[in-house]
1. Taking Rh as the Kirkwood radius computed over C-alpha pairs, what is the Stokes-Einstein D of the range 1-97 at 4 °C in a medium of viscosity 1.567 mPa s, expressed in µm² per second?
2. May I ask for the distance between the Cα centers of the range 275-307 and the range 322-384, given as a whole number of Å?
3. Taking the alpha-carbon centroid of each part, what is the distance from the range 233-249 to the range 128-168 in angstrom?
4. If you line up the Cα atoms of the range 299-370 on their principal axes, what length do they span on each, largest first, in Å?
5. With the calculation restricted to Cα positions, what are the radius of gyration and Dmax of the range 229-284 in angstrom?
6. Taking N as the number of residues in the chain, what is its Cα Rg relative to 2.2 N^0.38 Å?
7. Roughly how many Å² is the accessible area per residue of the range 229-384, as a whole number, for a 1.4 Å probe?
8. Show me the ranking of peptides 254-266, 228-240, 358-370 by mean Cβ neighbours inside 10 Å, starting with the highest.
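The values are calculated or read from the model by the stated rules, or taken from the named source; none is laboratory data. Note that the structure is predicted; figures quoted are calculated from it, not measured. All Cβ positions, even for glycine, are placed from backbone atoms using ideal geometry, and neighbour counts span all protein chains on display. Calculation scope for accessible area: heavy atoms of the full protein, side chains included, ligands and nucleic acids excluded. Shrake-Rupley method; radii C 1.70, N 1.55, O 1.52, S 1.80 Å.
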Amino acid sequence: MMPKKEEVFTNANLILPNEIFVGSLVIENGLIKDISRRNTNIRDAQNLNRNYLMPGLVELHTDNLERHCRPRPGVQWPHIAAVLSHDAELAAAGITTVLDAVAIGGDIRTNEARAIMLLDAAKAVRDAVSRSILRIDHYLHLRCEVPMPNVLELFNQFKSEELVRLVSLMDHTPGERQFVDEEKQRIYYQGKYGMTDEEFKKFSHDRKQLQVTYSKKHRMEIAKLCHENDIIVATHDDATNSHIDEAVELGATIAEFPTTVSAASAAKGAMMETIIGAPNVVRGGSHSGNVSASKLAELELLDALSSDYAPSSLLHAAFILTSNHGISLPAAVSKITSSPAKMAGFEDRGLLATGFRADIIEVELTKESIPIVRQGLVEGRRII
């Protein structure tokens, strides 16, 4: 359905890059036509009763699609149905542009079924996009597990895919990066994958051997292929200054989920931008025992948030940064809108500004300060 030629919202708290004011916003033909500091009495204008009106959220790293594809262990859901369900959940969370993260190579030594499922899911996203059956804009983010022997073979299937905008270079080897504390990784993996102590011990040994054999080689080869195909490169779970030095050598521009203050600081010093998990903010800390995202925000070392495994956390985290950590609401909102948009190379969204896409959401706060998305539009087309 084509959007109305012109639509007017009034009596809204408009969140702009550096300020908030009550006023009106007009959209026409899918774009923001006008922003005013005055309310209007136009009969057809929507009175938002001082609810917030802000840009639609831009999500660069969510694993949420996998949960819809495999809702229970051993259960495979029809992929197009899974993509549609995932899409609807993101729209309800206020997300209007998403990079669906797909694991390439996986991080478990024997999980061929999962690897095939995720590749099929990526193809289902491409199919759904081509058929224009989705509510929001979908792209792909390839999470490349560099120590895995087959990661380069799998990556080559997607290197020229138009939907791929971002590649992250990952290494979940025990004792490294996200899991410097191997005991925390043992607890996490045994809980998630049902490993016995002996199975985890063998897994840990095997992964360390794979890292020695493949990690550096695959990092360099995949980064080279990304630059040849104009794909943005991110590193993942950087823990040390040497990790950032390596990222710079590879031409990475984004540090995803740095695990320490020193790594985040080094990334900013190297002109890289940082993404931290929104669930970390909502929960009040990292489930892996790493640095608090809120602390990085307070130190001005956090550029963007990602919902990771919980889509609703993205908007919620922005309001928590404002209420609990002294970050102005425009600055907090920029971490889920304009900043991730720029990081992914989108120049037409992420701001309430004339000429930008009318990707906008109306947000109401509960008495507990939890945000509710009351309506959302993508290029002026209503999605909720």
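1. Values: Rh = 15.9 Å.
Calculated translational D: 81 µm²/s.
2. 19
3. Using only Cα atoms, the two centres lie 21 Å from each other.
4. 34, 28, 25
5. Using the Cα atoms of the range 229-284, the pair Rg, Dmax is 11.3, 38 Å.
6. Details: Rg = 21.0 Å, N = 384, 2.2 N^0.38 = 21.1 Å.
Compactness ratio reported: 0.99.
7. Details: 5770 Å² over 156 residues.
Counting only protein heavy atoms, the per-residue value for the range 229-384 is 37 Å².
8. Values: 254-266: 23.5, 228-240: 20.6, 358-370: 17.2.
Answer by packing, highest mean first, reads 254-266, 228-240, 358-370.
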